[in-house]
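Novice: Mind having a look at this structure? Questions to follow.
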Amino acid sequence: MASVRFTVTPTKAEDLPGLSDTSPDISSRSGARVRFGSKESVNRSDPLSEVSGGATPGGGTETPDHSSLEQGDGNSKISSVYINNTHGVDDDDFYDRNLALFEEEMDTRPKVSSLLSRLANYTNLTQGAKEHEEAEIIGEKKKASKSPQMGTFMGVYLPCLQNIFGVILFLRLTWVVGSAGVLQGLCIVFICCCCTMLTAISMSAIATNGVVPAGGAYFMISRSLGPEFGGAVGLCFYLGTTFAGALYILGAIEILLMYMAPKAAIFESKEPEGEGAAMLNNMRVYGSICLLLMSLLVFVGVRYVNKLASIFLACVIVSIISIYIGALVSAFKPPNFPVCLLGNRTISGHEVDDDHCAKTILLPNTEPTESADSNFTFINENSTVGPTFDPSATPALVDKTTSIWEHFCSGTELNASCDKYFISNNFSEIEGIPGLASGVISENLWSSYLTKGDVVEKVSLAASSDATPASTHHPYVFADITTSFTLLVGIFFPSVTGIMAGSNRSGDLKDAQRSIPIGTIFAILTTSIVYLSNVVLFGACIDGVVLRDKFGDSVKGNLVVGTLAWPSPWVIVIGSFFSTCGAGLQSLTGAPRLLQAIAKDNIIPFLRVFGHGKANGEPTWALLLTALIAELGILIASLDLVAPILTMFFLMCYLFVNLACALQTLLRTPNWRPRFSYYHWSLSFLGMTICLALMFISSWYYAIVAMVIAGMIYKYIEYHGAEKEWGDGIRGLSLSAARYALLRLEEGPPHTKNWRPQVLVLLKLDEDAHVKSPRLLTFASQLKAGKGLTIVGTVVSGNYLQSYGEALAAEQTLKILMDKERVKGFCQCIVAQKPREGISHMIQSSGLGGMKPNTVVMGWPHAWRQSEDPQAWKTFINTVRVTTAAHLALLVPKNISLFPSNNEPCTEGYIDVWWIVHDGGMLMLLPFLLRQHKVWRKCGMRIFTVAQMEDNSIQMKKDLATFLYHLRIEAEVEVVEMHDSDISAYTYERTLMMEQRSQMLRQMRLSKSDRERERVRWSFDDVYLSLSFRSLGVNTSNSSKGNEDRQAQLVKDRNSMLRLTSIGSDDDEDTDGGERDRPASGGGSSEHHRRVQMTWTKEKTSQYRATHSGCSTPEGFRDMLSIRPDHSNVRRMHTAIKLNEVIVNKSHDARLVLLNMPGPPKNPEGDENYMEFLEVLTEGLERVLLVRGGGSEVITIYS
């Protein structure tokens, strides 16, 4: 982000060039001199209007356009946008003279006035959405945006009401009450409303914790829990919104085909068993057509959807009001909706064609008859058939069967064979809507769950005991699905969703931080009261058999809730149809924008294409994907099957909203300062628990599927998504957990069972900042296998203030190499004057608390014998000493370039361990760890140990095998006997050559250094003598200024020569560091002190030459060649040669050889000999790992 700086300097209007003094609009106001300074060009289509709006308090003053625009690089840059500029002005004049002390920091630290100006002109844009800025860059005219004016009622309350009230209220709530009963129905509604209320409280806290751009739940979750959780839950929320569109469309089609135009069905079935399948096919066809039309409407323009929103909301409100009026009217005048029952079984009203709920009816006999019973008439009252003599009856009445008879009997005749239940039970007729004062609520208090295929029965009526199972050919009202408490929860929950509508419109609100909590909570309270009261009203006004009749078959196919409405059921039918259509349009409008916001955040790579759309920003591709996913829901074609899917996705979204609020509250992050104060972490935790419980209560397998989908998305974003740092709560949780874990680790040293190598890998960079031995990191990754702590470090020579950029570049190089080798860890770069000091500092300071490295991995100095890198072996030995002093283990791979890469697995071979001295078990543990990696997995393990003459080799082998058995390590064991032998002439001569070479190199370096120092000091002697005379007051022929210049130049030349000539000497680093560290402004006394030291006399010169003649003569070299080797060196060389012979003999074909690394000599004078011993010890071996333990046990036989 470019840093923008500008200064507002008041000027008088009379000073404005080109303006008359009679300008009333300008003379009464103050002008402004404005200058933008930025690292990037400030691109605006109307630059001065932007400047004026940002610089003038209140935006009231407009600065006239006197700027000249220069075209360059394709962008218009402001070259001069300040007033009263009649002469050239330096850049410094653009800063306020009162802030001159801070003028060098203005680029990175803007003034408070400019910061407040930018905040005042903040536009509510979703983070990641830059289409407005891009439109300005390409030259579009920026329109003067109107300030948002929507209040709480219009901006939050009504949209939440419209989104919460939906299809479930009109189509399924009566069925939920009838199946679960009033008490359990109240419990279902209360639990769901509590879930949304607690979520709304958490959402209000998050929404009032700063400015929330449009984005709703996705924005809040992603910025609170990080991109992984945000992307996973955001996609689940998108899928939930998309399936909500499918749910609303299915609801609208169900209303259309079941209650408005039943004859519009395309597919019909003559058999009762096929009616359900035919209805599903009708839903699929009409639902697909409706989805296509709605998608086209959304594609054409969202403004049409927004214009229809108020009409749809009015339909919802009118429908709900009609329910309440109808309930009150039913107390005095219940509506007439009779229900026919056979025994206690409900008969479908569609089959009662002639409105006769009876077996037979008496009709006049149209045929002449001479029956002896002609004077007898049958008055059928369902069950009582009694002969009565009526001499006054003139017409003959006969008994005729009704239309229902045909469904239970084999014919229309009275003597036809009929169903047993039909014969033994009689028909009765009850009121479907007995009214508010009927007391029917006592029957509807308790649950009445049914299994699929069960007949809807009125339990309070008596029925014959010899009831037979009902057949689908009989005109009963059957249950289409098996009901249970958990199923009803999943079906009802979508009717309480939609609480995010207010937060989605935060950009249109006048005061979003006040309106979102108040509007959302009051909307939830309103809808909760409506739902709870409707549960009670339905139970008190409608009979139980009608409530359990999902599609209203018992009341002749009327919408059940419509039977209670006043003045007509058509009020509910039409209102619910339009409200569900409107809700479907809202879902198809919101879901693509949610997907577009996720795509533009660029956290899921494969969704990037859905971030693009039409020129006006409409998400075309996202709308297409949304329509395809919604079509999947429509193909399911069942409202009761789509609702649980919707429930899962919304519950998961609400769960993470509560989790985000609880996390932020418990972590007490400094940025957590919500204006909404009526929240508590326990409420958020309770809401999260309820969400999780409802997920598994409603449908445990759907819950698992939803979690698996979210988990897969989470892992995908974690491994392939773009890295985002949004200051999320998960990062804060990680910090708190890390702090807690570190404090726990600090309580004591780790137990041997928990020991694992926490590795510090020391890498060396070349002049081009490239890693010299990248295989070191490869070996570390094979050793770690992704576990434990890994720190990759390097040292940059120089001064930190001057080499800060080099350190950053080196750190970036290490990070790239770590990513390439897939090493999870940290990198550390230290700037030091001397490499050995930098390594020492790194070993001392790496890690934190109990997470400190316990193992150092460093490379072998291959060029230690060559003059090109004379200090490599000194740094190496110093590092060995430092690790030993710090009680750290040390691993030194030799010939690291020959080690296998991660893509070169060893298919066979052995890892040989030469256990010479006990080092805490490192030699045993390292091969086991290496074999966990795929590169070394197929290698076997062999352990060799050395036995002396006095040792029992057979017993040693048994003991070693037993030890490995207890360690649970599989390996071949071999004891190698080393016999005492005399020191060979080869050993003696090898030692002699080593000492001669070491002494020769030392003397050559010393003699060369001494000669160069002597030459330089004698050449400067006259100068320092003259300077010394001058310090005593003696005048010289040169001027004072000339002497000082010559003195400074000669001192500089001397230091340069000393640095050049001291390369290769033993104390070169000390000399160099001392000169560099000594400050230049040390004062006159220090300068005079150096002059006195550099002033030579003839006596001092003769003494120095006599003392430091060394080997500068041929006699000196002859003395060096006649030296005898030290006896201790001979013994060490003998051991190294003998061990090397044995190791090469046994392990010449091994893939890797591990052996104990001898410690460095206590006397630093033998350092070169120590390097030679190590070279002799490892000669002839392809891959060697020298191991030096840290002094503590790292492996144990105990569990």
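Novice: Could you grab the relative contact order for region 738-839? Cα pairs under 8 Å, six or more apart, rounded to a whole percent. Provide the component values of the computation, followed by the final result.
Specialist: Details: 128 pairs, mean separation 29.1, N = 102.
Computed over region 738-839, the figure is 28 percent.
Novice: Can you pull the one-decimal nm distance between simple spin-label points at Leu328 and Met707, each 7 Å off the Cα toward Cβ?
Specialist: 4.8
Novice: Okay, next question. Go ahead and run the numbers for FRET between Leu666 and Ile481, Cβ-Cβ distance against an R0 of 45 Å, rounding to 0.05.
Specialist: Numbers: r = 42 Å, r/R0 = 0.94.
The value I calculate is 0.60.
Novice: OK, next. Relative to the present Cα-Cα distance, how much length would full extension add between Asn336 and Leu414 at 0.36 nm per residue of separation? Can you show the working numbers first?
Specialist: Working: separation 78, 0.36 × 78 = 28.08 nm, distance 3.14 nm.
Difference between extended and current length: 24.9 nm.
Novice: Under 16 Å from a label point 7 Å along Cα→Cβ of Glu908: give me every residue in region 916-959 with its amide N that close.
Specialist: 937-941
Novice: Out of the total accessible area of region 1136-1199 (probe 1.4 Å, heavy atoms of protein only), what percent is carbon and sulfur?
Specialist: Summing carbon and sulfur atoms, their accessible area is 47 percent of the total for region 1136-1199.
Novice: Here is a follow-up. Taking a probe of 1.4 Å, how large is the accessible area per residue of region 145-210, in Å²?
Specialist: Values: 1790 Å² over 66 residues.
Result: 27 Å² of accessible area for each residue.
Novice: Suppose the chain between Arg937 and Lys1162 were pulled fully straight at 0.36 nm per residue; how much longer would it get relative to their current alpha carbon spacing? Please list the in-between numbers first.
Specialist: Numbers: separation 225, 0.36 × 225 = 81.00 nm, distance 3.95 nm.
Net length gain for the segment: 77.0 nm.
Novice: Treat each spin label as a single point 7 Å out from the Cα along the C-beta direction, and report the Asp353 to Gln833 distance in nm.
Specialist: Calculated label separation equals 11.2 nm.
Novice: Contact order normalised by length for region 568-703, with contacts defined as Cα pairs under 8 Å and 6 or more residues apart; what percent is it?
Specialist: Numbers: 96 pairs, mean separation 23.1, N = 136.
After rounding, I find 17 percent.
Novice: Taking Cα pairs under 8 Å and at least six residues apart, what relative contact order does region 872-944 come out at, in percent? Mind dumping the intermediate values first?
Specialist: Working: 57 pairs, mean separation 24.8, N = 73.
Relative contact order here is 34 percent.
Novice: For region 809-861, what is the accessible area per residue in Å² when the probe is 1.4 Å? Display every interim value, and only then the final one.
Specialist: Details: 2590 Å² over 53 residues.
Per residue, region 809-861 has an accessible area of 49 Å².
Novice: Sorted by accessible area (1.4 Å probe), largest first, how do Val318, Val298 line up?
Specialist: Numbers: Val318 85, Val298 5 Å².
Correct descending sequence by accessible area is Val318, Val298.
Novice: Compute the label zone of Glu275 within region 249-267: residues whose backbone N is under 19 Å from the point 7 Å along Cα-to-Cβ.
Specialist: The answer is 254-267.
Novice: Determine the shape class of region 567-699: with a ≥ b ≥ c the square roots of the Cα gyration tensor eigenvalues, call it rounded for a/c under 1.5, and otherwise prolate if a/b is greater than b/c, oblate otherwise. Let's see the in-between values first.
Specialist: Numbers: a/c = 1.91, a/b = 1.24, b/c = 1.54.
In terms of gyration-tensor shape, oblate.
Novice: Which shape class, rounded, prolate or oblate, goes with region 444-530 when its Cα gyration tensor gives a ≥ b ≥ c as root eigenvalues, a/c under 1.5 marks rounded, and past that a/b bigger than b/c marks prolate? Each step should come with its number before you reach the end.
Specialist: Numbers: a/c = 5.24, a/b = 3.40, b/c = 1.54.
Judged from the Cα gyration tensor, region 444-530 comes out prolate (a/c at least 1.5, a/b above b/c).
Novice: Could you state the accessible area per residue of region 299-351 in Å², with a 1.4 Å probe and every protein chain left in place? It would help to have the intermediate numbers written out before the result.
Specialist: Details: 2490 Å² over 53 residues.
Roughly 47 Å² per residue, with all protein chains present.
Novice: While we're here: Any of Lys724/Lys787; Lys600/Lys724; Lys874/Lys1138; Lys834/Lys874 with alpha carbons more than 19 Å apart? Name them for me. Before the final figure, lay out each step's value.
Specialist: Details: Lys724/Lys787 25 Å; Lys600/Lys724 13 Å; Lys874/Lys1138 26 Å; Lys834/Lys874 12 Å.
With Cα atoms farther than 19 Å apart: Lys724/Lys787; Lys874/Lys1138.
Novice: Given a 1.4 angstrom probe, I'd like the percentage of the accessible area of region 409-568 that is carbon and sulfur, rounded to a whole number.
Specialist: On the way: 3610 of 6260 Å².
That share works out to 58 percent.
Novice: Right, next: Structure shown: which of Lys784/Lys1146; Lys764/Lys815; Lys420/Lys550 lie over 19 Å apart, alpha-carbon to alpha-carbon?
Specialist: On the way: Lys784/Lys1146 28 Å; Lys764/Lys815 14 Å; Lys420/Lys550 27 Å.
Checking Cα-Cα distances, Lys784/Lys1146; Lys420/Lys550 exceed 19 Å.
Novice: Applying 1/(1 + (r/R0)^6) with R0 = 60 Å to the Cβ-Cβ distance of Phe153 and Tyr719, what FRET efficiency is obtained, to the nearest 0.05? Present the calculation step by step, with values, prior to reporting the outcome.
Specialist: Numbers: r = 46 Å, r/R0 = 0.77.
E between Phe153 and Tyr719, to the nearest 0.05, is 0.80.
Novice: I would also like to ask the following. At 1.4 Å probe size, with the rest of the protein present, what percent of the exposed accessible area of region 152-246 is carbon and sulfur atoms? Please report the intermediate quantities before stating the final value.
Specialist: Numbers: 1280 of 1640 Å².
Answer for region 152-246 is 78 percent, counting heavy atoms of protein chains only.
Novice: Still on this model: Using R₀ = 60 Å, calculate the FRET efficiency as 1/(1 + (r/R₀)^6) where r is the Cβ-Cβ separation of Leu686 and Arg303; round to 0.05.
Specialist: Values: r = 41 Å, r/R0 = 0.69.
Calculated value: 0.90.
Novice: Treat each spin label as a single point 7 Å out from the Cα along the C-beta direction, and report the Glu970 to Arg756 distance in nm.
Specialist: 2.2
Novice: What are the ³J(HN,Hα) couplings of region 491-500, residue after residue, when phi is run through the Karplus curve with 6.51, -1.76, 1.60 and θ = phi - 60°? Round to Hz, x for glycine and proline.
Specialist: The phi angles translate into 7, 7, 4, x, 6, 10, 7, x, 6, 8 Hz.
Novice: What's the extension gain from Ala741 to Ala885 if we count 0.36 nm per residue and subtract their Cα-Cα distance?
Specialist: That works out to 49.1 nm of additional length.
The values are calculated or read from the model by the stated rules, or taken from the named source; none is laboratory data. Everything numeric here is computed off the predicted structure, so don't read it as measured data. Ideal geometry is used to build each Cβ from the backbone, glycine not excepted, and the neighbour counts take in all protein chains shown. Just the protein is used for accessible areas: all its heavy atoms, side chains included, with ligands, DNA and RNA removed. Shrake-Rupley method; radii C 1.70, N 1.55, O 1.52, S 1.80 Å.
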